[in-house]
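Here's the structure we're looking at; comments come further down.
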């Protein structure tokens, strides 16, 4: 059994472990082991009374942890690496944490570690995580304070407080701070960007579309159900077959990987679509993805001020999306993109590596000789995908050097990028300009929240071909193999679940509760200077400056403080009264009932001497109780508390006793 005097360090370990929890979930396996081993060792040391580790071992563990950290991240410049460094150092600190000062330092830095997790996500569960960490830290600090207060007299005496009462007391303290926190959140003057904005630092790897496409790149996203963005339409929602959310556009193909071109990234659109009566107007709430592009339906007729519209109609920002970003777009689906293709772009749209995919090239040569018309040739290729035994599947086999040959003649199984890539290559072999567009297709419409939810699993790739007189035209070869992919969404296209918990009713439930996250984004994450101003419009205070907001905040704090102060004075701690003192007072009350009143300045010996004169029949129990109390208070080895308790409970001064 653990010595009660040593349980405090377990509270410290629990606080640090809770603060580290989100960071542990993102650590590489080797680094995760470095973070957990010191905590596990310290728990064992407290239970089995192990001796502290030698200094040489501690220094070696520190050096090894830093080396593994550097190998895992490559450098220490990123946010994730910096926070992992803090986590590792705090974990290693527990190995040598044998003083109250060190323990208090670990708890304080655990609160800081908790705050750093808001740099990575500000989801609705983060305040719960933060609140639990603060509550546990308050309990731990109270335990440390109690131990330090008794350090001069040996171990602190046992108290009546249970774990629930300790947690309950800290929870009440945090609850009292919540109204003031809300007042600060609403009234504190905002900058032009939301308060929750993340500084522009070295970026971490995020899930989402990449700046290149190769077999399996989009397929990997299919297992990720995290939200990519949400869309609210002003008016009718387009049909699912029209929901192609345009992202990166790729022109260059090296035989396996598609990449963007210089023109596609840097040349602005020569013509911007017009806004017509049939244009779609909508607002996109984009989750952080640490990429530079925004998503829109074809074709963007308007764009945010800090965004460029490129010649292939990508919307690209100068700065990556590192915080929740909301923007408005108008799209014109009837726009004709490049009816005449510029001469500088034609070679890029037809370029293929020499000597690649000879079997496909031979087949295309025969088909092209038989079908010289471009549109008829396109239909023939799509018909081939539809009638031959091609399969839409997550379990696509590995493709070799001639990836299109392997796919078209051998495996015939793949995801959207396999079909889009093969189709685009076949078009180029036939002399039809083509390019790859990646983005998202479809989404789930929330009737309750009146918005469209697009998840990472909705990632998609399709092809655009250039037709004389029509310009760039979207062709989705995946739809020829699996029409359900476009009609029912990405998850409706598969016959089997992706994993053991991939049930339709669970997905529906998850989509339905997303409205909570959407409202959190609207009311909390996106609460900036503009929304703060609009909040006070009904009161006619929308033109308040920072000084006015601070004045209102000050008044709110005064009013709330006046209301809460009486409540605070009534809050009792977690039953932290000294049980020895409690039963001594009980003894004094029984003496008072018998006619003896002790003075506040009297010690236990004076009380026993004076009470014995007044109650001679109770001399022996009076002196025994005084002796037990004195030893419990001042002796190096106090007697068992139960002896004092039983003696006081058995004391009856109004009865005849020897």
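Within the stretch 90-138, the set of residues being without any contact (Cβ under 8 Å) to a residue 40 or more places away in the chain, in a helix (DSSP H, G or I) and surrounded by fewer than 16 Cβ atoms within 10 Å (Cβ to Cβ) comprises 101, 102, 105, 108, 112, 115, 127, 128. Scanning the stretch 399-423 for residues that are surrounded by fewer than 17 Cβ atoms within 10 Å (Cβ to Cβ), in contact with a helix residue (DSSP H, G or I) (Cβ under 7 Å, 6 or more places away or on another chain) and assigned to a helix (DSSP H, G or I) turns up just one, 409.
Only one of the numbered conditions (1) in contact (Cβ under 8 Å) with a residue 60 or more places away in the chain; (2) outside any helix (DSSP H, G or I); (3) over 29 Å from residue 323 (Cα atoms) is violated by residue 13, and that is (2). Residues in the stretch 387-424 that are closer than 16 Å to residue 483 by Cβ and in contact with a strand residue (DSSP E or B) (Cβ under 6 Å, 6 or more places away or on another chain) were compared, and the one that is modelled with the lowest pLDDT is 393. Screening the candidates 60, 64, 78, 74 for the property of being on the phi > 0 side of the Ramachandran plot and outside the structural domain of residue 227 (by TED's automatic domain parsing) yields one hit, 74.
Condition check: within 22 Å of residue 425 (Cα to Cα), crowded, with 16+ Cβ neighbours inside 10 Å, out of contact with any helix residue (DSSP H, G or I) (no Cβ under 7 Å at 6 or more places or on another chain) and at pLDDT below 90. Does residue 265 satisfy that? Yes, satisfied.
Yes/no matrix, rows are residues, columns are (1) surrounded by fewer than 20 Cβ atoms within 10 Å (Cβ to Cβ); (2) modelled with pLDDT of 85 or more; (3) assigned by TED's automatic domain parsing to the domain that holds residue 375; (4) in a strand (DSSP E or B):
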site: 460; (1), (2), (3), (4): no, yes, yes, yes
site: 465; (1), (2), (3), (4): no, yes, yes, yes
site: 469; (1), (2), (3), (4): yes, yes, yes, no
site: 473; (1), (2), (3), (4): yes, yes, yes, yes
site: 480; (1), (2), (3), (4): yes, yes, yes, no
site: 486; (1), (2), (3), (4): no, no, yes, no
site: 492; (1), (2), (3), (4): yes, no, yes, no
site: 496; (1), (2), (3), (4): yes, no, yes, no
site: 501; (1), (2), (3), (4): yes, no, yes, no
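Please specify each residue of the stretch 576-595 satisfying the condition of being within 19 Å of residue 614 (Cα to Cα) and touching a residue at least 24 places away in the same chain (Cβ under 8 Å). Across the stretch 576-595, the qualifying residues are 584, 586, 587, 590, 591, 593, 594. One residue alone among 617, 626 is modelled with pLDDT under 90 and outside the structural domain of residue 146 (by TED's automatic domain parsing), and that residue is 617. The sole residue among 318, 298 that is over 27 Å from residue 523 (Cβ atoms) and touching a strand residue (DSSP E or B) at 6+ places or on another chain (Cβ under 7 Å) is 298. Taking (1) free of Cβ contacts under 8 Å to residues at least 60 places away in the same chain; (2) outside any loop (DSSP other than H, G, I, E, B); (3) surrounded by 16 or more Cβ atoms within 10 Å (Cβ to Cβ) in turn, residue 220 satisfies each apart from (3).
Out of all the residues in the stretch 66-76, is one or more surrounded by 13 or more Cβ atoms within 10 Å (Cβ to Cβ), out of contact with any helix residue (DSSP H, G or I) (no Cβ under 8 Å at 6 or more places or on another chain) and part of a loop (DSSP other than H, G, I, E, B)? No, the stretch 66-76 contains no residue that is surrounded by 13 or more Cβ atoms within 10 Å (Cβ to Cβ), out of contact with any helix residue (DSSP H, G or I) (no Cβ under 8 Å at 6 or more places or on another chain) and part of a loop (DSSP other than H, G, I, E, B). Taking the stretch 288-398 and the helices (runs of 4 or more DSSP H) fully enclosed by it, the elements with 3 or more residues that are touching a residue at least 40 places away in the same chain (Cβ under 8 Å) and either within 23 Å of residue 240 (Cα to Cα) or not assigned by TED's automatic domain parsing to the domain that holds residue 468 (or both) are at 374-387.
Note on the stretch 524-569: residues that are within 27 Å of residue 325 (Cβ to Cβ), in a helix (DSSP H, G or I) and either assigned by TED's automatic domain parsing to the domain that holds residue 326 or without any contact (Cβ under 8 Å) to a residue 60 or more places away in the chain (or both) total 5.
Residue count for the stretch 23-35 satisfying the condition of being assigned to a helix (DSSP H, G or I), within 21 Å of the chain's Cα centre (by Cα) and touching a residue at least 12 places away in the same chain (Cβ under 8 Å): 5.
Somewhere in the stretch 638-645, is a residue surrounded by 16 or more Cβ atoms within 10 Å (Cβ to Cβ), within 15 Å of residue 589 (Cα to Cα), touching a helix residue (DSSP H, G or I) at 6+ places or on another chain (Cβ under 6 Å) and assigned by TED's automatic domain parsing to the domain that holds residue 585? Yes, there is a match, as at least one residue in the stretch 638-645 is surrounded by 16 or more Cβ atoms within 10 Å (Cβ to Cβ), within 15 Å of residue 589 (Cα to Cα), touching a helix residue (DSSP H, G or I) at 6+ places or on another chain (Cβ under 6 Å) and assigned by TED's automatic domain parsing to the domain that holds residue 585.
Within the stretch 596-618, if we keep just the residues that are without any contact (Cβ under 8 Å) to a residue 12 or more places away in the chain and in a helix (DSSP H, G or I), the residue that is surrounded by the fewest Cβ atoms within 10 Å (Cβ to Cβ) turns out to be 613. Among the residues of the stretch 242-262 satisfying the criterion of being assigned to a loop (DSSP other than H, G, I, E, B) and in contact with a helix residue (DSSP H, G or I) (Cβ under 8 Å, 6 or more places away or on another chain), which is modelled with the highest pLDDT? Residue satisfying both the conditions and the ranking: 251. Of the residues screened, residue 439 is one that is outside any helix (DSSP H, G or I), in the same structural domain as residue 367 (by TED's automatic domain parsing) and buried (at least 23 other Cβ atoms within 10 Å of the Cβ). For the stretch 223-237, taking the residues that are in contact with a strand residue (DSSP E or B) (Cβ under 6 Å, 6 or more places away or on another chain) and either more than 19 Å from residue 461 (Cα to Cα) or not assigned by TED's automatic domain parsing to the domain that holds residue 280 (or both), the one that is surrounded by the fewest Cβ atoms within 10 Å (Cβ to Cβ) is identified as 234.
The values are calculated or read from the model by the stated rules, or taken from the named source; none is laboratory data. Because the structure is a prediction, the values reported are computed rather than measured. So basically every Cβ, Gly included, is an ideal-geometry build from the backbone, and we count neighbours across all protein chains shown.
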